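*Asks:* I'd like to ask you about the structure that follows.
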Amino acid sequence: MTRTQSKFNVGGLLLNQPFKIRRLGHFGFNLVNMEEGVRFYTELLGFRISDNNDFSRRAKSPEQIAGLGDPRGYFTRYGTDHHALVLFNKRVREALDTRRRFKPGVTINQITWQVGSLREVGDAIKWFGEKGIQIQRSGRDMPGSNWHTYLYDPDGHTNELYYGIEQIGWNGYSKPKVMYNRSFDEAPKLPQMSEFDEVQQALKDGVNLTSGYRYIDPPPATYDVDGVLLPRPFKIVRLGPVSLFVQDVEAAEAFYRDTLGFVPTEEVSWRGQRCVFLRVNTEHHSLALYPIALREQLGLSADTTCMSLGLQLANYRQLRDAVSFLRKQGIKITDGMPPELYPGIDYAAHIVDPDGHCLQLYYYMEQVGWDGRPRPRELRRVVRNGEWPDTLEPLSDTYHGEPFLGPWG
Ligand SMILES: [Fe+2]
């Protein structure tokens, strides 16, 4: 770790932390209604399973997890990252996992941020150690192959920093299980061999590269989605923002700003409560923090501190189509979420999963440029809940921000 006084040299730039988060990579829920939840996220929303992990192998006897539902953990993706959304069985994990305990109300399994290099992960681990920040664990997990370290925020939400998640390409196969030999359960010594060289080694060892998991989307591809036939009339193209209910907004804000390096974008006072929006890149916010007192006022589930998980769809027309599609499938679109609570996103549809987690479907995220200033409130589009105009006038940053790479299906 190269340090100049209190600054850290991150790729030649002097920063306050020895790493720089670039984006939200993946996110996880611990679910009680496991089977319904997996169906909801895969068949309805279109996340594709890239691998699963059978936790029943950790049970001392079958009785230990009898009646708790599907014991497998699911890794799912919308793009080429091996996983964007992971789903674990909350009750099975609680029955088996004596090492890792979630605070009551924490149903988020992980909030996972991509940093710029493996060295940044290594330097983060050293720095957290020096600062006395409790690290849950570090290493490299399979499936997914990403190098990482895990730490808690003040409310007990697990945050993960990682580099180098496995990419699933055109043939749809995940990495074969026999290649899991390069997993680590401690901070790795740097440098490490590249993934390409790992694959070269596997080829030399005679590994069949198409022996990993390959998912086939169950519903037929009958919708013309901007020229491509897909099983549902929309495509998720981006994950996040993550919105959290917290006990103490100032404490959570300090952690995400000073320890993880988030940049505050804006704050909002709603019914006298201060809500804070922070970013890691050009998006208006990647993370929103709300006082937990708002949870009941908004009519959201008392079982979770997750206020919402954002899922960006490819465009506004797909958002409208998603609303009618989901309604037809019996999913209720919640009209009660005040647009003042999600500045920077104009139109959004909120739905809840079978466990009561709120999901924020949207199509646009305001982009913040070099001067760091969000658009003045009076220049933003006025959005009325439940009204869906046929078309919209573009904004200066319409279709800006991180684009989706590769084909949609
Ligand atoms: Fe992860």
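*Asks:* Looking at the structure I just gave you, is Arg257 more than 18 Å from the chain's Cα centre (by Cα) and not in a strand (DSSP E or B)?
*Replies:* yes
*Asks:* In segment 1-43, which residues are over 30 Å from Ile65 (Cβ atoms) and not in a loop (DSSP other than H, G, I, E, B)?
*Replies:* Scanning segment 1-43 gives Arg3, Thr4, Lys7, Phe8, Asn9, Val10, Leu13, Leu14, Leu15, Arg23, Leu24.
*Asks:* Scan segment 174-190 residue by residue and report those that are part of a helix (DSSP H, G or I), away from the ligand (no atom under 16 Å from the Cβ) and in contact (Cβ under 8 Å) with a residue 24 or more places away in the chain.
*Replies:* Passing the criteria: Lys177, Val178, Met179, Arg182.
*Asks:* In addition: Could you identify the single residue in Tyr347, Tyr362, Tyr342 that is closer than 25 Å to Gly28 by Cα, in contact with a Gly (Cβ under 8 Å, 6 or more places away or on another chain) and crowded, with 20+ Cβ neighbours inside 10 Å?
*Replies:* Only one candidate qualifies: Tyr362.
*Asks:* Looking at Thr265, is it under 19 Å from Val115 (Cα atoms) and either of a type in the set (S, T, N, Q) or in the same structural domain as Asn109 (by TED's automatic domain parsing) (or both)?
*Replies:* Taking the combined requirement at face value, the residue does not satisfy it.
*Asks:* Report the residue count in segment 250-284 for those that are crowded, with 22+ Cβ neighbours inside 10 Å and free of Cβ contacts under 8 Å to residues at least 60 places away in the same chain.
*Replies:* Number of matching residues: 2.
*Asks:* Something else: Taking Val207 as the residue in question, decide whether it is under 30 Å from Val115 (Cβ atoms), open to solvent by 20 Å² or more (accessible area, probe 1.4 Å) and among the aliphatic types (A, V, I, L, M).
*Replies:* Judged against the criteria, Val207 is a match.
*Asks:* Does segment 135-154 hold any residues that are within 21 Å of Val242 (Cα to Cα) and among the aliphatic types (A, V, I, L, M), and which are they?
*Replies:* Leu151
*Asks:* For the list (1) in contact (Cβ under 8 Å) with a residue 12 or more places away in the chain; (2) not in a strand (DSSP E or B), I need the number of the one condition that Met193 fails.
*Replies:* The failed condition is (1).
*Asks:* Give segment 29-45 a look and list any residue that's surrounded by 22 or more Cβ atoms within 10 Å (Cβ to Cβ) and over 16 Å from Cys358 (Cβ atoms), or say none.
*Replies:* Within segment 29-45, Met34, Val38 qualify.
*Asks:* Looking at segment 141-173, which of the residues that are open to solvent by 20 Å² or more (accessible area, probe 1.4 Å) and assigned to a strand (DSSP E or B) is farthest from the ligand (Cβ to nearest atom)?
*Replies:* That would be Tyr173.
Rundown of residues vs (1) more than 13 Å from the ligand (Cβ to nearest atom); (2) of a type in the set (Val, Ile, Thr); (3) at pLDDT 95 or above, yes/no style:
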| site | (1), (2), (3) |
| --- | --- |
| Arg57 | yes, no, no |
| Ser61 | yes, no, no |
| Ala84 | no, no, yes |
| Leu96 | yes, no, no |
| Arg99 | yes, no, no |
| Val106 | yes, yes, yes |
| Ile111 | no, yes, yes |
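*Asks:* Any idea how many residues of segment 60-76 are in a loop (DSSP other than H, G, I, E, B), under 28 Å from the mean Cα position of the chain (by Cα) and of a type in the set (A, V, I, L, M, F, W, C)?
*Replies:* 1
*Asks:* Now, a different point. Looking at (1) surrounded by fewer than 18 Cβ atoms within 10 Å (Cβ to Cβ); (2) touching a strand residue (DSSP E or B) at 6+ places or on another chain (Cβ under 6 Å), find the lone condition where Gln247 falls short.
*Replies:* Every listed condition holds for Gln247 apart from (2).
*Asks:* Moving on to the next point. Are any residues in segment 98-140 surrounded by fewer than 17 Cβ atoms within 10 Å (Cβ to Cβ) and either among the polar types (S, T, N, Q) or assigned to a helix (DSSP H, G or I) (or both), and if so, which ones?
*Replies:* The answer is Thr98, Ser117, Lys126, Gly129, Glu130, Lys131, Gln134, Gln136.
*Asks:* Do any strands (runs of 3 or more DSSP E) entirely within segment 270-380 hold 1 or more residues that are in contact with a Leu (Cβ under 8 Å, 6 or more places away or on another chain), at pLDDT 95 or above and polar (S, T, N, Q), and if so, which?
*Replies:* Correct list: 273-279, 306-313, 358-362.
*Asks:* Something else: Only one residue in Gly46, Gly79 is within 16 Å of the ligand (Cβ to nearest atom) and either aliphatic (A, V, I, L, M) or part of a loop (DSSP other than H, G, I, E, B) (or both). Which one?
*Replies:* Gly79 is the lone residue from the list that is within 16 Å of the ligand (Cβ to nearest atom) and either aliphatic (A, V, I, L, M) or part of a loop (DSSP other than H, G, I, E, B) (or both).
*Asks:* Let me ask you something else. Would you call Val10 over 22 Å from Arg214 (Cβ atoms), more than 16 Å from the ligand (Cβ to nearest atom), at pLDDT 95 or above and buried (at least 20 other Cβ atoms within 10 Å of the Cβ)?
*Replies:* Yes; evaluated as a whole, the condition is true for this residue.
The values are calculated or read from the model by the stated rules, or taken from the named source; none is laboratory data. From a predicted model like this one, the values you see are computed outputs, not experimental measurements. A quick note on method: Cβ atoms are made from the backbone with ideal geometry, for glycine too, and the neighbour counts reach across all protein chains shown. Heads up: the accessible areas ignore ligands, DNA and RNA and are worked out on the full protein's heavy atoms, side chains in. Shrake-Rupley method; radii C 1.70, N 1.55, O 1.52, S 1.80 Å.
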